[in-house]
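Report on the structure given below.
What follows draws every value from the coordinates through simple rules; no lab data is involved. Since this is a predicted model, take the numbers as computed values, not measurements. All Cβ positions, even for glycine, are placed from backbone atoms using ideal geometry, and neighbour counts span all protein chains on display.
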Amino acid sequence: MSGGTSTGLYLRVAAALYLLLGLTVACAFIDMGSFNIVVAMTIAVAKAVLVVLFFMHLRQAGALTRVVACAGALWLLFMCVLTLTDFLTRN
Amino acid sequence: MSDDRALVAHQFETAAQQRSAATLGMWVFLATEVLFFGGMLMAYTVYRVMDAGAFALASHAQNILLGGINTAVLLTSSLTMALAVQASAAGRRRRSVLMLLLTMALGAAFLAIKAVEYGQKFAEHLVPGVDFRFAGPGAGAAQIYFILYFLLTGFHALHLTIGIGVLAVLTARAARGRYTQAYHTPVEVTGLYWHFVDIVWIFLYPLIYLIQVYR
C-alpha cells in the first residue's frame, strides 16, 4: 500500500507544493476583485489533492478507502452549499 | 513467517487485511476531522461574507512572511513524513528514525513561529476580550475575525502538538526496530494524520493571511 512511490516522485510533489505556495502568495497581491478568493481556494484544493494522492497514497488505495475519503469532502460540500444558499441570498 | 503471524491480531485473517482495516479506520476518523474544521471554516465564511471589508482590514495585522514560512515548514514536514513512511516500509531503520525526527523538528519549528505570532497579537491588543483594541470601523467584525483566527489556528496547533507526541512514541519504537517491511502500519497511519493537519493549514494560510493584501 505504501511501497509504490519513489523518493524522486515525493521530491517532485514537494517542489510542486512550494511552487503553488509561491503562486498563491503572488496572486494575492493582484487585485482580481471577488476572483481572488476563487483563485486562492482553487490553488489550495490543488495542493490538497497533491498531498492526498501522493503523500497519503490515495492513488494506490482500495475502492473503499477512496469512497470514505470522498465522503468527507462530500458532506463538507453539503454543509457549505446549503448554508451559503441561505446566507448569500438574504435581503 | 511465524514473526508475521504474531503481529496479526486474532480478528484478522492476514497482515494485509489488518493493514487495510487500520488505514480505513484512520480515513474514517479524518472524515470526521474534515467536518470538525469544516464547521469552524463555515462560521468564518459566513462572518466574512457579512463584513468582508472588516475581515480584510483585520487580516492586514497578520505577518504574511511568517505565515508563508510556516506553510513551507509544514509542507516540508509532510515530505519528511512521507519519506519516513517509505523508509519504514522498506525496513530502513536509521533513515526512518532520521525522517521521523526531522518531521518532529519541523512541527516544533511551526509551533515556535506560531508562538511568536501569538505573542505579537497580545502585544498589539488583538486578542479578543476586554483588552481588544482595533482602530477604525468594523471593530466588532474584526474581533470576530480574531476569535476565528485563534479558534482555527489554536485547534490546528493542538492537532500538531498531538501529532508530535505520537511521532515521539513512533520514533522511540522505530529506533528499537519495531517496524519492518512486514509491519509498519502505525507509521503509515500516523502519516495520514500528519498530512491531514498539513492540508488544514494549506486552507488556513490563504483564508487568514491573504485577504485583499493588494490594498
- Message: Nearest 10 degrees is fine. How inclined is helix A:63-87 to the longest principal axis of chain A, computing both from alpha carbons?
- Response: 10 degrees
- Given the C-alpha centroids of the range B:19-37 and the range B:100-139, what is the distance between them in whole angstrom? 29 Å
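The range B:114-160: which trypsin sites (Lys or Arg not before Pro) are DSSP loop and have at most 16 other beta-carbon atoms within 10 angstrom? Kindly include the intermediate steps, with their values, before the conclusion.
Numbers: sites: B:K114, B:K121, B:R133; in loops: B:R133.
Passing sites in the range B:114-160 are B:R133.
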- Expressed as an acute angle from 0 to 90° and rounded to the nearest 10, what is the orientation of the C-alpha long axis of helix B:139-175 relative to the principal long axis of chain B? 20 degrees
- Query: In whole percent, what relative contact order does the range B:68-120 give with Cα contacts below 8 Å and a gap of six or more residues?
  - Reply: 43 percent
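Sum up the charges of everything whose Cβ sits under 13 Å from the Cβ of B:A172, counting Lys and Arg as +1 and Asp and Glu as -1, but leave B:A172 out.
Working: positive: B:R93, B:R173, B:R176, B:R178; negative: none.
With Lys, Arg at +1 and Asp, Glu at -1, the net is +4.
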- Across A:16-26, the residue-averaged tally of Cβ atoms belonging to other chains within 10 Å stands at 4
- Convex hull of Cα atoms in the protein assembly as shown, direction-averaged projection (nm²): 17.1 nm²
- Query: Rounded to the nearest 500, what is the protein assembly as shown's calculated 222 nm mean residue ellipticity when only DSSP H runs of at least 4 contribute -39500 (n - 2.57) each, over all residues?
  - Reply: -26500 deg cm²/dmol
- If each part is reduced to its alpha-carbon centroid, the range A:14-91 and the range B:154-188 end up apart, in Å, by 27 Å
- Note on the structure: Shape call for chain A, from the Cα gyration tensor axes a ≥ b ≥ c (a/c under 1.5 means rounded, otherwise prolate when a/b beats b/c, else oblate), comes out oblate
- Note on the structure: Counting other chain Cβ atoms within 10 Å of each Cβ in A:44-57 and taking the mean gives 6
- Which of the peptides A:45-54, B:41-50, B:83-92 is most tightly packed, and how do the rest follow, judged by the mean count of other Cβ atoms within 10 Å per residue? B:83-92, A:45-54, B:41-50
- How well do other chains shield peptide B:72-79, expressed as the mean number of their Cβ atoms within 10 Å of each residue Cβ? 5
- In degrees, nearest 10, the alpha-carbon axis of helix B:93-123 is tilted away from the dominant principal axis of the alpha carbons of chain B by 10 degrees
- Kirkwood Rh in Å, taken over all unlike Cα pairs in chain B: 19.1 Å
